[in-house]
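The values are calculated or read from the model by the stated rules, or taken from the named source; none is laboratory data. Quick caveat, the model's predicted, so the values are computed rather than measured. Please note: Cβ atoms are built from the backbone with ideal geometry, for glycine as well, and neighbour counts cover all protein chains shown. Ligands, DNA and RNA are excluded from the accessible area calculation, which covers all protein heavy atoms including side chains. Shrake-Rupley method; radii C 1.70, N 1.55, O 1.52, S 1.80 Å.
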Amino acid sequence: MRRAAIPTLLAASALLILPASLTDGTTLASGRQVRRPQTFRAATELVRIDVLATLNGRPLKNLTADDFEVLDNGVPQRPQIVTTAGSVKVMLLLDVSGSIAWGAKMQRLVSASQALIGGLGADDEASLLTFADRYSVQATAVRDREVIEERLMAASAQPMGRTALWDALFVGLSLLAGEGGRSLVLVFSDGLDTASWCDGQKAREVIGHAEAVVYAVTVPALPALGPEEAEARPEGQRGWLPEVNRARESFVPKDLKDVVERSGGELFPAEQGEGLANTFLAVLDQFRARYLLTYEPTGVRRDDGWHELRVRLKGRAGTIRARSGYYATLGGAGR
């Protein structure tokens, strides 16, 4: 049977934040521009689910398709397992705003990112997107580790003020849209968004159109600072503080956790000192231990919007992490 990839149109927002220019895999681009809605392409004839199966916190190994039960809008499906031994695409979304670029936090972030890059295989691809009050696409789909590290060091030396977390996540997912293989987005931030055009609700909608798995490592935000403490901060990191203090009063950390879990990922608190590098490497190891399930939807419509997914283990104990659903939309733009 011939399977055709059917595009899914993302219409979550008319105000999309896209890179000013991306002419090659390592071109630096930054800015905020209003563009037409982005089209995310996802095959709806074959649904893909990246699944983590664990028992007592440890990945379950050597599972087969018969060990999984998949329900699509409550209707049982017949999943197959795609080998997970191939290459992976890793997108680092790193917060370089003022709340992160203070003291030893940035140094630990650079070291942890270097450790993760060093843990990639020869065929793996890495992308780097940094964000503060605007995002900056530092490199995309690069296998040269030196390029990534060079861009990482340059970005870490130019800390900025506020935080556009949701805009950066939107752009990161748009860069991965339509890519083959398995994609991991690793977000490092305090989770305190003070500058985005998008919001947490839009981010949840975007996740429903994407196949990438999002993990987040969060560092506690700075406590609210008084005038004397604020004045003691380095020049260039002062103006954002009143906005951060106000935003902190209404910040709901649950938003980032919801977005991550909707994708099938997990949120980790950042470890202190050298532990941050271990956390980054643990995320990569966990991603490699996941199973990629596919199935051709049967008994359900393929043009009726949101489909809820449930994945369970059959006949054995364990915990499952998988994306919560997908959008089934046939005949969208680009068909």
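A few comments on the model shown:
- Over the stretch 133-212, relative contact order from alpha-carbon pairs under 8 Å, at least 6 apart, %: 37
- Two-site FRET efficiency, Ala289 against Lys254, from Cβ-Cβ distance with R₀ of 22 Å, rounded to 0.05: 0.25
- Those lysines that a straight Cα-Cα span of less than 27 Å connects to Lys61, excepting residues fewer than 8 apart in one chain: Lys89, Lys257, Lys314
- Share of carbon and sulfur in the accessible heavy-atom surface of the stretch 79-193 [1.4 Å probe, %]: 46
- Within the same chain, aspartates and glutamates fewer than 8 places from Lys254 are excluded, and of the rest, those with a Cα less than 17 Å from its Cα are Asp190, Asp193, Asp199, Glu205, Glu266.
- The residues of the stretch 170-209 present an accessible area of 26 Å² per residue when probed at 1.4 Å with all protein chains retained.
- Overall form of the stretch 143-194: oblate. Here a/c, set by the Cα gyration tensor axes a ≥ b ≥ c, is 1.5 or more, and a/b is not larger than b/c.
- Shape of the stretch 88-202, Cα gyration tensor, a/c cut at 1.5: oblate
- Inverse of mean 1/r across different Cα pairs in the stretch 275-335, Kirkwood, Å: 14.9
- Sequence of Lys254, Lys61, Lys89 from largest to smallest accessible area, 1.4 Å probe: Lys61, Lys254, Lys89
- Globularity index of the stretch 52-101 is 1.81 (Cα radius of gyration / 2.2 N^0.38 Å, N = number of residues).
- Accessible area ranking (1.4 Å probe, heavy atoms, ligands and nucleic acids excluded), largest first, for Met106, Met153: Met153, Met106.
- Listed peptides 302-313, 167-178, 256-267 by packing density, highest first (mean Cβ within 10 Å): 167-178, 256-267, 302-313
- Packing order of peptides 318-327, 190-199, 210-219, highest average first: 210-219, 190-199, 318-327 (average count of other Cβ atoms within 10 Å over each peptide's residues).
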